Amino acid sequence: MRTAVFLEAVWREPAEVLGALGERPWAIGLLTGGAEAGWSYVAAEPAASLVLTAADSQDPIDALAALAGPPAETDPAGPPFQGGVAGLLGYELGDRFEPLGLLRHDGWPDLACARYDALLAFDHAARRVLAIGRGESRAAAARRAAAARAWLDLPARPLRPLGVKLEADPPAAYEAAVAETVRRIAAGEIFQANLARSWRGRLAADAQPIDLMMRLAASSPAPFAAYLRLPDRAIVSNSPERFLRVDRRDGALLASTQPIKGTAPRGATAAEDAALAAALAASPKDRAENLMIVDLMRNDLSRVCAPGAVKTPELFRLVSFANVHHLVSTVTGRLRPGRSAGDLLRAAFPPGSITGAPKVQAMKVIAELEGPRGPFFGAMVWLGVDGAMDSNVLIRTAAFVQDAEGWRVEARAGAGLVADSVPASERAETEAKIAALAAALTAAPEGPNRE
């Protein structure tokens, strides 16, 4: 049985620690921010890693289980994640669960995860840090915990401008794709689809992907932000959306998901902002859009949950972020005996909120009109040694690829399309969603970001 050692440490901001580690291959950060910030995690130097490309025939859920190794006990008073597997699930991983012949994007793997036996857990509420080590013996676990605690002493990375000149996909091309999607909805092919638009650019010569993560953490902290550095790639996500969570409680595995559907921009004044929020909360279009995805997620959870256990305790909650208001709903369930977090991933991936309904046909429409997605609209996930899990939806996300000239960057933002969608309005929604990310990427050398 693998054992764990926990070492208390003095508080330091997780984004600052991640910044010091961020250029190391397989450095990872799962950061939470805002008024309801809970636990953040930072890790590097994994014990083992796993990368699956389209050419690899391994079953991804079985491969993740093998990477994780045998289950272990956790401290009930400790953080939700006390070591285990974490990393990237690319959108086209879904092609392994529902074969659609999807193309891949820019060389991105379907899956890139690692097992972290040393990590830092940051308790935002109590302002404390735990260095966690796991090993076959207490001495080995203690060495790993001490190594993780030493990361807290690394010098801070200065906040650098990224100097990116972003170029967006042509507005007319996106609006034409929206119009085609609406036509297919009217014809009865689908009820809803989430169609995205791309922005591309290149980092300044002295900038790194971690610099974007640090800027976003400082200017517009998000509840499900994430960072992963691979040898020649990186992901920076400022996601507001949880995908799937699994908690172990009283011997059972409890599942939940919190899909976001329904968006309005923030107002320039308090009165305008309140009016926009009220209009979103009352919008029949946005509520219907949200409800379609709630129904889809209820169906996905029902595939692995106990009969009658799937509930919807919350519908259409208004949540406000730096640039937008959103409607968020919650679906919960209890996994059937013998089912695991991996089974839930198999049943529900990719996230319904960024595909549409019916999911499979919506994915076919997206593949035709948007093309392959790679990391965009997949998930960043952790899978704990106790069988627990949490994951985000990779929206508000930038993907970096290193080449001979430096770092290329791409970002995407999408809109949920229904029968009464107006192409120009949906295009404007993508621009509102990308605003914080674009501001951080293009920030001038002097002065704070303005969101």
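The values are calculated or read from the model by the stated rules, or taken from the named source; none is laboratory data. Computed from a prediction, not measured in an experiment: that's the story for all the values here. Cβ placement follows ideal geometry from the backbone for every residue including glycine, while neighbour counts extend to all protein chains displayed.
Return a yes/no flag: does the range 394-413 have any residue that is at pLDDT 95 or above, polar (S, T, N, Q) and closer than 24 Å to P350 by Cβ.
Checked the range 394-413: at least one residue is at pLDDT 95 or above, polar (S, T, N, Q) and closer than 24 Å to P350 by Cβ.
Counting only residues that are within 30 Å of A404 (Cα to Cα) and among the aromatic types (F, W, Y), how many does the range 230-284 have?
0
Can you tell me which residue is farthest from N290 (Cα to Cα) among those in the range 243-262 that are basic (K, R) and in contact with a strand residue (DSSP E or B) (Cβ under 6 Å, 6 or more places away or on another chain)?
R245
For every residue, the table says whether it meets (1) more than 23 Å from R183 (Cα to Cα); (2) in contact (Cβ under 8 Å) with a residue 24 or more places away in the chain; (3) surrounded by fewer than 23 Cβ atoms within 10 Å (Cβ to Cβ); (4) of a type in the set (D, E, K, R).
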site	(1), (2), (3), (4)
A288	no, yes, yes, no
M292	no, yes, yes, no
D295	no, yes, yes, yes
G342	yes, yes, yes, no
L369	no, yes, yes, no
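Given the conditions (1) among the basic types (K, R); (2) buried (at least 17 other Cβ atoms within 10 Å of the Cβ); (3) closer than 30 Å to D117 by Cα, which single one is not true for R184?
Here R184 clears every test but (3).
Which of the numbered conditions does V164 fail, given that it passes all the others? Conditions: (1) touching a residue at least 40 places away in the same chain (Cβ under 8 Å); (2) within 20 Å of L417 (Cα to Cα).
(2) is the only condition that V164 fails.
Looking at A68, A72, which one is surrounded by fewer than 21 Cβ atoms within 10 Å (Cβ to Cβ) and either over 22 Å from M363 (Cβ atoms) or in contact with a helix residue (DSSP H, G or I) (Cβ under 6 Å, 6 or more places away or on another chain) (or both)?
Of the residues listed, the single one that is surrounded by fewer than 21 Cβ atoms within 10 Å (Cβ to Cβ) and either over 22 Å from M363 (Cβ atoms) or in contact with a helix residue (DSSP H, G or I) (Cβ under 6 Å, 6 or more places away or on another chain) (or both) is A72.
For the range 180-298, please list each of the strands (runs of 3 or more DSSP E) lying entirely inside it that holds at least 2 residues being at pLDDT below 95 and under 20 Å from E429 (Cα atoms).
260-265
Quick one: S40 ticks every box in (1) over 29 Å from A367 (Cα atoms); (2) part of a loop (DSSP other than H, G, I, E, B); (3) polar (S, T, N, Q) bar one, so which box is it?
Unmet condition: (2).
Can you say whether R96 is among the basic types (K, R), surrounded by 20 or more Cβ atoms within 10 Å (Cβ to Cβ) and out of contact with any strand residue (DSSP E or B) (no Cβ under 8 Å at 6 or more places or on another chain), as far as the supplied structure shows?
yes
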